[in-house]
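Engineer: Dropping the structure in here first, questions after.
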Amino acid sequence: MSRISEIFSGFRNLLFGNPAIEQMAQEREAICAICPHAGVSIYLHCNLCGCYIPAKSRSPLSKCPDGRWPSPTLKEKESGNKTRSS
């Protein structure tokens, strides 16, 4: 998955909640909250990759650049890959 696709997936999941994705995001954000690489300026971001953490944490195939996040479960991967109908 390209970085642009990961970013789009994360923002889509941020806007359109999904229980499996939200559970994964909460776990990831808890890890980020105690990470020395997390930064807060105008928004919560990662100082290693520069990503907006609330969106990146909701992209099932995204990885922590420091290897701190566990791999997503199959259910989370499938939830993040479904297309949403209007």
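The values are calculated or read from the model by the stated rules, or taken from the named source; none is laboratory data. This one's a predicted model, so the numbers in the text were calculated from it and none came from an experiment. Every residue, glycine among them, receives a Cβ derived from its backbone with ideal geometry; neighbour counts consider all protein chains shown.
Engineer: Condition first: among the hydrophobic types (A, V, I, L, M, F, W, C), over 15 Å from residue 69 (Cα atoms) and outside any helix (DSSP H, G or I). Now tell me which residues in the stretch 1-51 satisfy that. Walk me through how you get there before you give the answer.
Structural biologist: Residues of the stretch 1-51 among the hydrophobic types (A, V, I, L, M, F, W, C): 1, 4, 7-8, 11, 14-16, 20-21, 24-25, 30-35, 38, 40, 42, 44, 46, 48-49, 51.
With over 15 Å from residue 69 (Cα atoms) added as a condition, the list becomes 1, 4, 7-8, 11, 14-16, 20, 40, 42, 44.
Result: 1, 16, 40, 42, 44.
Engineer: Which ones in the stretch 11-34 are free of Cβ contacts under 8 Å to residues at least 40 places away in the same chain and of a type in the set (A, V, I, L, M, F, W, C)?
Structural biologist: Those that are free of Cβ contacts under 8 Å to residues at least 40 places away in the same chain and of a type in the set (A, V, I, L, M, F, W, C): 15, 25, 30, 31, 32, 33, 34.
Engineer: Considering only residues that are of a type in the set (A, V, I, L, M) and modelled with pLDDT of 90 or more, which ones fall in the stretch 21-51?
Structural biologist: Taking the stretch 21-51 as the starting set, the residues that turn out to be of a type in the set (A, V, I, L, M) are 21, 24-25, 30-31, 33-34, 38, 40, 42, 44, 48.
Once the filter is applied, which keeps residues that are of a type in the set (A, V, I, L, M) and modelled with pLDDT of 90 or more, the stretch 21-51 yields 21, 24, 25, 30, 31, 33, 34, 38, 48.
Engineer: Tell me yes or no: at least one residue of the stretch 40-61 is among the polar types (S, T, N, Q) and touching a residue at least 40 places away in the same chain (Cβ under 8 Å).
Structural biologist: So the first thing to find is which residues in the stretch 40-61 are among the polar types (S, T, N, Q), and the list is 41, 47, 57, 59.
Keeping just the survivors that are touching a residue at least 40 places away in the same chain (Cβ under 8 Å) gives 57, 59.
Checked against the condition, which is being among the polar types (S, T, N, Q) and touching a residue at least 40 places away in the same chain (Cβ under 8 Å), the stretch 40-61 yields at least one hit.
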